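The values are calculated or read from the model by the stated rules, or taken from the named source; none is laboratory data. Since the model is a prediction, treat every value here as computed from it, not as a measurement. Here Cβ is always computed from backbone atoms with ideal geometry, including for glycine, and neighbour counts include all displayed protein chains. Quick note on the areas: whole protein, heavy atoms, side chains included, nothing else; ligands and nucleic acids left out. Shrake-Rupley method; radii C 1.70, N 1.55, O 1.52, S 1.80 Å.
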Amino acid sequence: MADVALGKDKCGEQRLVSLPLSRIRVIMKSSPEVSSINQEALVLTAKATELFVQYLASHSYRHGSGKEKKALTYSDLANTAEESETFQFLADILPKKILASKYLKMLKEKREEEEENEDDESGNEEAES
């Protein structure tokens with residue numbers, strides 16, 4: 001397992017994981033069900049997280065517009081989260097970007113629809129009486 005070293009510590013020596021273990025420990029301890037964290041579980045969680053992020057990035061790059069630009073963009077990640085069944089659970093975390101003006105227009109249309117529905121419901125209630 002030590003031959004999979006990716007990161008380097010402050011002294012320049014290779015480490016098994018690249019993510020900061022102290023941050024991962026804080027995130028894990030934020031769960032009310034977790035009272036203590038075994039060092040092995042911490043390292044395995046960090047390694048699994050790294051592998052997941054690598055897979056998400058490579059999948060998004062291969063299936064996105066990044067190949068032409070030789071870059072991975074937020075929109076590539078958002079498209080992957082929306083279109084790939086594997087990453088569907090990330091759709092709320094990685095929503096597609098829209099302009100504020102489009103969002104405000106969508107909100108306005110939604111409010112108008114809700115008002116029409118309320119008017120229709122109140123009209124139906126009066127007709128039944």
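Here is how the numbers come out for the structure above:
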item	result
Criterion violated by Ala41 - all others in (1) assigned to a helix (DSSP H, G or I); (2) within 18 Å of the chain's Cα centre (by Cα); (3) aliphatic (A, V, I, L, M) satisfied	(2)
Residue match in the range 64-80 (condition: modelled with pLDDT under 85, open to solvent by 90 Å² or more (accessible area, probe 1.4 Å) and part of a loop (DSSP other than H, G, I, E, B))	yes
Filter result for Leu19 (open to solvent by 80 Å² or more (accessible area, probe 1.4 Å) and either free of Cβ contacts under 8 Å to residues at least 12 places away in the same chain or in contact with a strand residue (DSSP E or B) (Cβ under 9 Å, 6 or more places away or on another chain) (or both))	no
Residue that is farthest from Ser60 (Cα to Cα), among those in the range 89-108 that are assigned to a helix (DSSP H, G or I) and open to solvent by 90 Å² or more (accessible area, probe 1.4 Å)	Lys108
